[in-house]
Ligand code: P6P
């Protein structure tokens, strides 16, 4: 079968009027940047990039050297192209402005440059997550408020998964499409057209060590799954938890499932664990575009009105019927 590259796919999306030339350039640049990130990630100990960077990120979390490297790669790859008004990164407290001597464009790029980086030192899959918004009309230099747009307004979203193979999965609003990196050619090949999440599943993903802190609806839902065929669900369920959101969500997009990082007593003050703007929103758009659902338990993630750039939200996403059941349990509580 003739191989279709990411470039050809994007040109066809542009020809169909689904994306602009600038958005195509943006996605090509991000794809090139994640190839550079992959080179560093896959070198592991050989490149002296494992371990702590000796610095903390905006969340006060110890940064891994690769967090910092991945962040620099994405910033430097995108700042000169003239397609962006500004960027926001999990690793940077404030808005990343485009250097004054470069032209500006109409898009905002938000990203978690290396998600799941705690898995790097144990050689488990990690990923990069990105989200694209339009810069609202107004001053050329975007403020934090320029980024605070609900997820329904995203123009594109996707992730790179640095796994046994490196994949790029993205949506521009016309379904979810997966590309696999041909490492010899250095090009992403279109391998997974129109990825879909089955509406039903027998597989759930949650960090069960937090069980005693969960709210009642989550305790009830997970408890029923664990009772299996002896309980009200009448069927057995499987459990997976990679502790790398990109890997866990990719599994859901590939074979279904429900992924949960709910708010609990331990993290209630923060509002949840996962970040809205560059983790929950892009993943929620992908999952909805693939026929799944994505909720905080109390509202659709894509309709959450952001108030802070690095705010966190509860995340319950995946197979539609299971997400709907969890939402119903919250409503009953
Ligand atoms: P826990 C990685 O640190 C991350 O942000 C997500 O990728 C992942 O789903 C979650 O945190 C894992 O959290 O509490 O299980 O280590």
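What does the convex hull of the alpha-carbon atoms of the chain project to on average, in nm²?
Numbers: hull surface 70.1 nm².
Average of the hull's projected areas for the chain equals 17.5 nm².
Could you calculate, for segment 203-332, the ratio of the Cα radius of gyration to the Kirkwood radius, expressed as Rg to Rh?
0.94
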How many nm is it between the label spots at residue 21 and residue 266, if each spot is 7 Å from the Cα in line with the beta carbon?
-> 5.2
Using packing as a proxy for protection, rank 35-48, 313-326 so that the peptide with the highest average count of other Cβ atoms within 10 Å comes first.
-> 313-326, 35-48
Does anyone have the angle between helix 21-43 and the longest principal axis of the chain? Alpha-carbon axes, 0 to 90°, nearest 10?
-> 70
In deg cm²/dmol, rounded to 500, what helix-only [θ] at 222 nm does the chain give when every DSSP H run of at least 4 residues adds -39500 (n - 2.57) and the total is split over its residues?
-> -9000 deg cm²/dmol
Give the peptides 222-233, 198-209 in descending order of average Cβ contacts within 10 Å, highest first.
-> 198-209, 222-233
Note down, for segment 81-214, the three equivalent ellipsoid semi-axes (square root of 5 times each alpha carbon gyration tensor eigenvalue), biggest first, whole angstrom.
-> 29, 21, 17
Helix 65-78 sits at what angle to the longest principal axis of the chain, using alpha carbons and giving 0 to 90 degrees rounded to 10?
-> 50
With Cα atoms, 0 to 90° folded angle of helix 245-255 axis to the chain main axis = 70
Per the 1/(1 + (r/R0)^6) rule, R0 = 35 Å and r from the Cβ atoms of residue 224 and residue 194, FRET efficiency to 0.05 is 0.65
Any chance you could run the full-extension gain for residue 254 through residue 32? It's 0.36 nm times the residue separation minus the Cα-Cα distance, nm to one decimal.
-> 77.6 nm
When DSSP beta bridges are limited to those with both residues in the chain, what percentage is antiparallel, rounded to the nearest 5?
-> 85
Which order, highest average first, do 86-99, 136-149 follow once you tally other Cβ atoms within 10 Å for each residue and take the mean per peptide?
-> 86-99, 136-149
Using a basic spin-label model with each label point 7 Å from the Cα along Cα→Cβ, how many nm lie between residue 180 and residue 299?
-> 4.1
What is the calculated FRET efficiency for residue 59 to residue 7, with r their C-beta to C-beta distance and R₀ = 45 Å, to the nearest 0.05?
-> 0.80
When a footprinting reagent is the concern and you count Cβ atoms within 10 Å, what order do 132, 34 take, fewest first?
-> 132, 34
Two-site FRET efficiency, residue 102 against residue 145, from Cβ-Cβ distance with R₀ of 25 Å, rounded to 0.05 | 0.65
Each label point is 7 Å from the Cα along the Cα-to-Cβ direction; what then is the distance between the points at residue 118 and residue 321, in nm?
-> 3.4
Binning every alpha carbon pair distance of segment 186-259 at 5 Å from zero, what are the percents per bin?
-> 3, 14, 20, 21, 19, 10, 5, 4, 3, 1, 0
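Readers should treat all values here as calculations from the given coordinates under stated rules, not as data from a laboratory. Predicted, not measured: the structure shown is a model, and the values here were computed from it. Using ideal geometry, Cβ is built from the backbone for each residue, glycine included, and neighbour counts are taken over all protein chains shown.
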